[in-house]
Structures are given as C-alpha cells and as structure tokens.
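Q: Please find one structure pasted underneath; my questions will follow.
The values are calculated or read from the model by the stated rules, or taken from the named source; none is laboratory data. Since this is a predicted model, take the numbers as computed values, not measurements. Virtual Cβ from ideal backbone geometry, glycine too; neighbours counted across all protein chains shown. Protein only, heavy atoms only, side chains kept; ligands, DNA and RNA dropped before computing areas. Shrake-Rupley method; radii C 1.70, N 1.55, O 1.52, S 1.80 Å.
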Amino acid sequence: EGHIEKVSPVEASTRYLAHIVEAWSQQFPDDPLRDQDVVLTVPASFDDVARTLTLEAAHTAGLGDGLVLLEEPQAAFYDYFGSHLTDWETKHESQLVLVVDVGGGTTDLTLIEVAWNLDGDEPVPEVRRLAVGDHILLGGDNMDMALAHIAEQRITGNRGTLDAARMALLVQSCRAAKEALLADEQKRPESYRVTIPGRGSKLIGGAQSCELTLAEVEAAILDGFMASVKADEQPRRGGRSGLSLWGLPYANDPVITRHVAAFLQRHGAQPNAVLLNGGVFKGEAIRQRLLNVVDSWRSADIGTTQVLEPSSFDLAVARTSESMQMRTNSDVFSFLSSAIS
C-alpha cells in the first residue's frame with residue numbers, strides 16, 4: 001500500500017503515446033493512428049540517443065512509419081511561418097530568427113534562417129535551422145517555486161516546513177499570482193493572495209494565505225530570471241542553483257537572459273527577429289523585459305528587433321502539423337529533423 005511504481009523515461013513515454021493511440025482508435029476505429037502521418041515533437045536539446053529512444057517508444061506504442069520527429073522550437077516557428085506565409089511572400093525578407101521557447105521546466109534556444117531563392121521568376125523560401133542551444137532545465141516552474149519560497153517564509157516563518165503536497169498546491173497558487181500580476185498593464189492588480197490549504201477536516205478552515213505584491217513579483221521574476229545583462233555575459237557555473245524543489249538537476253544560473261546572451265555570443269549571431277513561445281510569455285511584462293534586453297545588445301545602426309508572436313503561446317507546437325499542410329515545396333520546411341522510413 002502506498003507503493004509508487006518507478007518506470008524509465010522510455011516506458012513513461014510509451015505509456016503516454018499508447019494512451020493517445022488507444023483514444024484515437026476508439027474515436028476513429030476505421031482509420032488507425034499507425035496509418036496516419038504523425039508529427040512527434042521533442043525538445044531541441046535531445047541528442048541522437050534521446051531521439052532514438054523516443055522513436056522506440058513511439059513504435060512500441062503503436063505508431064507506424066508515417067512519423068516525423070520535429071524539434072519544439074522549430075515546430076513553433078513552423079506554425080508561425082505557415083500561418084504568416086502570405087506576409088513573408090509579399091516582403092521576400094531574409095531573416096535570422098531567434099526562437100526562445102520557455103516552457104514549464106525547460107528553456108530551448110534555436111536560430112533559424114529564412115532566405116529567398118529564385119525558382120525561375122518565383123521567389124521561393126528556404127528555411128534552415130542553424131543552431132540549437134544546450135539542454136537548460138529552467139522554466140516557468142522555477143519562477144513559481146521562487147515565489148512559493150517567498151510565500152512559505154511569510155506564512156510559516158520558515159522555509160522547508162511544508163510537506164510536498166501542500167508545497168505543490170502553494171506553487172500552483174503562486175503560478176496564478178505570477179500570471180495575474182505580470183499580465184497586461186491595464187489588467188494587473190497591485191497584489192494577489194496566495195493560499196496554502198489546511199489538512200483533513202480543516203481543509204478549508206485551516207487554510208493560510210498571504211499577499212504577494214506586484215513589486216516583489218517583478219523583483220523575483222523579472223530581475224531574477226529576466227535580468228538586464230550584458231551581451232558578453234556567461235551563465236554561472238558550479239555550485240547549487242537553489243532551484244531544486246523536487247531533486248531535479250536545474251541550471252545553476254536562473255537568469256534566462258544570460259543563457260540567451262551566451263547562446264548568441266557562441267554563434268556570433270545578431271538576429272533580426274525573435275519568436276517567443278511557451279506559457280511563460282503569456283505575461284506581457286516577461287515578454288517586454290526579454291525583448292528590451294535583446295534590443296540592448298543590438299548595434300545602434302540596426303534598429304529594434306522584430307517580435308514574432310505565435311497564435312497561441314501554449315498550443316503553437318501542437319498546431320505545427322496543421323501548418324505542414326500549407327507547404328508548397330520541400331525546401332520550405334527543410335528543417336524537419338527526419339522522416340522515419
């Protein structure tokens with residue numbers, strides 16, 4: 001009783017995918033998923049071993065040969081490019097695009113080049129993925145945990161006093177606070193109440209709460225994770241990050257902008273445009289801070305960075321297969337990782 005089964009990452013992936021295959025089969029019994037063209041997205045930082053194991057999980061789960069692996073930042077760009085293809089065809093602009101994909105637990109960085117070549121008299125776009133960043137275990141979950149530590153200290157007087165279950169609930173409450181306080185300037189309140197529920201019969205009556213103010217959330221999130229840094233700064237190495245609530249090997253340096261600066265410096269890149277993706281960027285203040293920092297690195301004669309925003313910060317990666325149907329030639333989407341034969 002109380003035993004929690006431990007499975008490998010491959011087994012966990014297999015079970016998730018098998019559930020999707022089964023749900024599809026119930027809804028479309030005459031068109032099994034193994035006979036469909038399927039796009040399976042993976043983190044950009046997945047190496048060859050991780051990709052191979054992902055394919056192993058997919059095939060074990062019942063997915064067929066019509067399977068394409070696609071990196072998540074590329075998938076977000078794919079969705080944007082496909083839905084704005086008419087605009088790009090009108091301007092015929094070459095672009096170097098930095099994709100910053102900040103999810104719940106990871107940050108993925110990718111450089112994508114869009115060039116235009118002539119096919120007879122017709123300009124044809126060619127999209128190439130130029131570079132991918134390191135695996136950075138750092139994202140919105142860490143921001144929520146940072147706020148939860150502040151709230152826990154205020155409510156209980158100490159850090160580390162809450163059990164895992166109540167801390168997880170406090171983290172969820174702090175996520176709501178982050179999204180509310182860093183939203184559109186016209187909508188954000190001056191403070192937000194976060195709550196730790198009671199236990200057992202005191203679930204409601206035993207609840208404890210405190211107020212997180214706009215100023216302290218901005219200090220913790222904007223100055224802590226999206227700090228204004230110089231273009232030549234490098235992420236902090238070694239030591240403990242102080243971000244590990246659940247024992248995961250989070251990045252030692254929580255400053256996402258410093259990781260972005262190091263990535264661009266490593267590749268000698270000065271992008272024309274930035275595509276933001278991931279639920280973290282639903283917060284206007286977070287988006288604006290990152291863009292201001294990136295702009296501060298640009299030469300004065302280049303001007304400001306063009307901002308590319310997906311149709312949905314949460315769903316762009318999932319919508320990429322819909323955009324794939326809009327392709328007109330294989331060169332447009334040459335950045336697809338590999339078709340599985």
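Q: Taking region 36-52 on its own, how many of its residues are open to solvent by 70 Å² or more (accessible area, probe 1.4 Å) and either modelled with pLDDT of 90 or more or among the basic types (K, R) (or both)?
A: 2
Q: Further question: Can you find a residue that is at pLDDT 90 or above and closer than 20 Å to G104 by Cα anywhere in region 206-215?
A: No, region 206-215 contains no residue that is at pLDDT 90 or above and closer than 20 Å to G104 by Cα.
Q: Checking S94 against (1) farther than 22 Å from A318 by Cβ; (2) open to solvent by 10 Å² or more (accessible area, probe 1.4 Å); (3) modelled with pLDDT of 90 or more, which single condition isn't satisfied?
A: (3)
Q: Still on this structure: Enumerate the pairs (first residue in region 207-231 and farther than 12 Å from A285 by Cα; second residue anywhere and surrounded by fewer than 18 Cβ atoms within 10 Å (Cβ to Cβ) and small (G, A, S)) with beta-carbon separation below 6 Å, excluding pairs fewer than 6 apart on the same chain, so at least 6 apart or on different chains.
A: From region 207-231, the pairs are A207/G198; E211/S191; T213/S191.
Q: Which of the residues that make up region 170-188 are in a helix (DSSP H, G or I) and either in contact with a Cys (Cβ under 6 Å, 6 or more places away or on another chain) or not acidic (D, E) (or both)?
A: L170, V171, Q172, S173, C174, R175, A176, A177, K178, A180, L181
Q: What are the residues in region 128-145 that are among the small types (G, A, S) and assigned to a helix (DSSP H, G or I), if any?
A: The answer is G140, and nothing else.
Q: Go through the residues of region 58-69 one by one and say whether even a single one is aliphatic (A, V, I, L, M), open to solvent by 20 Å² or more (accessible area, probe 1.4 Å) and modelled with pLDDT of 90 or more.
A: For region 58-69, residues aliphatic (A, V, I, L, M), open to solvent by 20 Å² or more (accessible area, probe 1.4 Å) and modelled with pLDDT of 90 or more: absent.
Q: Then there is this: Got at least one residue in region 170-185 being over 25 Å from the mean Cα position of the chain (by Cα), at pLDDT below 95 and either open to solvent by 10 Å² or more (accessible area, probe 1.4 Å) or over 27 Å from F281 (Cα atoms) (or both)?
A: Within region 170-185, none of the residues are over 25 Å from the mean Cα position of the chain (by Cα), at pLDDT below 95 and either open to solvent by 10 Å² or more (accessible area, probe 1.4 Å) or over 27 Å from F281 (Cα atoms) (or both).
Q: Now for a different question. For E152, indicate whether it is touching a Leu at 6+ places or on another chain (Cβ under 8 Å), in a helix (DSSP H, G or I), farther than 20 Å from F281 by Cα and of a type in the set (D, E, K, R).
A: It is true that E152 is touching a Leu at 6+ places or on another chain (Cβ under 8 Å), in a helix (DSSP H, G or I), farther than 20 Å from F281 by Cα and of a type in the set (D, E, K, R).
Q: Hey, which of the strands (runs of 3 or more DSSP E) in region 18-115, taking only ones fully inside, have at least 1 residues that are without any contact (Cβ under 8 Å) to a residue 40 or more places away in the chain and not charged (D, E, K, R)?
A: Qualifying strands (runs of 3 or more DSSP E): 38-42.
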